[in-house]
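Data first, discussion second: the structure below is written as structure tokens.
The values are calculated or read from the model by the stated rules, or taken from the named source; none is laboratory data. Since we're looking at a predicted model, the values are computed, not measured. Every residue, glycine as well, gets a Cβ built from its backbone with ideal geometry; the counts of neighbours run over all protein chains shown. Side chains included, ligands, DNA and RNA excluded: accessible areas come from the protein's heavy atoms. Shrake-Rupley method; radii C 1.70, N 1.55, O 1.52, S 1.80 Å.
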Amino acid sequence: MTIYNFSAGPATMPDPVIAQIKQDLPSYKNSGMSVMEISHRSKLFDDIIDSAQQDLRDLLEIPDNYQVLFFQGGGTLQFTAAPLNLATKYHKIGLLDSGHWADRAGAEASRVNVDVDVLASTKDEKYVKLPQMPQIKDDDYDYIHVCTNNTIEGTAFSKLPDTGKTELVGDMSSNFMGQKYDVKDFGAIMAGAQKNLGIAGLTIVIVRNDLIGKAQNLPSMIDYQLFAKKRSMFNTPPVFAIYAAGLVLKWLKEQGGVAEMEQRNRKKSNLLYDFLDQSKMFTAPVVKSDRSLVNIPFVTGNPDLDKKLIAEAADNGLLNIKGHRSVGGMRASLYNAMPYEGAVALVDFLNKFEKENGGN
Ligand code: PMP
């Protein structure tokens with residue numbers, strides 16, 4: 001039976017990448033050591049980190065005046081790191097409250113004594129649509145935090161909010177390299193690797209040079225300036241996670257890059273949305289204009305039926321379609337590594353389930 005993993009993260013990886021890891025594992029480049037055993041100060045690892053950084057730059061067309069940094073601590077540590085590094089003038093940030101992860105970013109910023117203004121929120125509407133950016137003054141906020149893709153609620157900004165002269169900082173964890181954005185529109189971007197870029201343990205930060213180096217006495221492990229100076233090797237970096245991300249980046253290049261990924265993600269998600277929208281049993285709650293290309297929540301409205309569906313899907317090789325506990329129902333994540341055939345298999349299964357369980 002073919003297995004498709006619809007997990008929201010850690011998530012499915014491209015088959016050729018897993019095959020390459022398997023091949024490399026006992027002896028990386030005939031060194032007699034696995035990647036897990038090599039020194040981060042070795043030439044072998046230098047090549048890995050340099051080419052991962054270069055491939056990221058190529059794929060996202062990152063301008064030279066931006067740093068590409070590799071951190072640990074997940075997206076969550078960046079909710080602390082970004083305000084401490086970047087909110088140095090007004091000690092205040094604006095937040096578009098588009099869901100759980102935006103809310104978490106605000107909560108962490110508050111913990112380090114940065115003021116957080118919620119500029120707009122769709123919480124009362126259960127986050128089924130995106131908040132609209134209001135007019136702001138140019139000199140109120142160090143930056144506006146936006147979560148480009150809301151992993152749990154299934155919304156995404158396809159058009160970025162207009163923040164005027166105020167910097168935009170994007171949490172791109174769940175649609176990083178799966179949807180095209182212009183890096184120049186952001187002062188900084190953060191993204192955990194474990195959805196579209198490999199395995200947990202690595203977090204990417206892309207930040208414009210003129211924004212860093214303004215904070216004093218930061219803890220070293222979140223200091224953007226220090227990590228830039230030390231090529232992300234202030235201490236032992238997550239060697240294996242960077243190696244895995246490097247392989248995913250090579251695969252992405254071979255596949256045609258981010259624009260191609262976006263197109264494929266659109267095709268996969270349209271297939272599923274089109275099915276859900278005509279179904280009598282299932283509903284996709286997110287308003288059409290704000291729908292994510294990669295995280296698709298849907299419900300039957302009957303928790304017992306949801307449960308039955310999730311169990312039967314797993315029996316059919318369609319894994320991890322249980323929705324997040326805060327939303328309930330189901331959620332299918334269709335990240336870059338999910339083949340079109342996976343989306344087809346899911347829709348076929350849902351169609352059959354609907355027919356067998358009293359739908360049309
Ligand atoms: N931001 C978004 C959009 C996420 O989806 C997640 C995790 N699912 C996080 C941040 C937190 O990431 P981590 O678990 O790596 O801290």
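Size of segment 169-315 from its Cα atoms: along the principal axes, largest to smallest, the extents are 57, 34, 32 Å. Measuring r between the beta carbons of Q216 and M1 and using R0 = 51 Å, the FRET efficiency lands at 0.35. The tail of the calculated P(r) for segment 257-356 beyond 22 Å holds 23 percent of all Cα-Cα pairs. Summarised in one figure, the compactness ratio Rg/Rh of the chain, Cα atoms and Kirkwood Rh, is 0.98.
Between the residues I38, Q53, G342, the greatest Cα displacement towards the positive end of the dipole of the chain, with unit charges on the Cβ of Lys, Arg, Asp and Glu, is found for I38. Taken along the Cα-to-beta-carbon direction at a fixed 7 Å, the label points for D315 and R104 span 3.3 nm. Of all DSSP beta bridges in the chain, what percent run antiparallel (nearest 5)? The antiparallel proportion sits near 50 percent.
Placing dummy labels 7 Å off each Cα toward the beta-carbon, the span from V112 to E260 is 3.8 nm.
Screening the chain for whole DSSP H helices with an alpha carbon extent of at least 20 angstrom along the helix axis and a mean Kyte-Doolittle hydropathy of at least 0.0 yields 239-255. Annotated for segment 257-356: lysine pairs at least 8 residues apart or interchain, Cα distance under 20 Å, count 17.
Per residue, the accessible area of the chain comes to 44 Å², computed with a 1.4 Å probe over protein heavy atoms only. The charge dipole of segment 236-330, taken about its Cα centre with unit charges on the Cβ atoms of Lys, Arg (+1), Asp and Glu (-1) only, comes to about 120 debye.
Projected label points at M233 and E61, each 7 Å from Cα along the beta carbon direction, are separated by 3.1 nanometres.
Segment 16-73 and segment 91-138 have Cα centres lying 35 Å from one another.
If the chain linking Q278 and K159 were pulled fully straight, counting 0.36 nm for each residue of separation and taking away their Cα-Cα distance, it would gain 40.2 nm.
Dividing the Cα radius of gyration of segment 216-285 by its Kirkwood radius returns 1.27 for Rg/Rh. Within the accessible area of segment 257-356, the carbon and sulfur atoms contribute 50%, probe 1.4 Å, all protein chains present.
Please give the FRET efficiency for E125 paired with D24, using the beta carbon to beta carbon distance and R0 = 45 Å, rounded to the nearest 0.05. It comes out at approximately 0.40. Given only helices, namely DSSP H runs of n ≥ 4 each adding -39500 (n - 2.57), what is the per-residue ellipticity at 222 nm of the chain, to the nearest 500 deg cm²/dmol? Computed ellipticity for the chain at 222 nm equals -11500 deg cm²/dmol.
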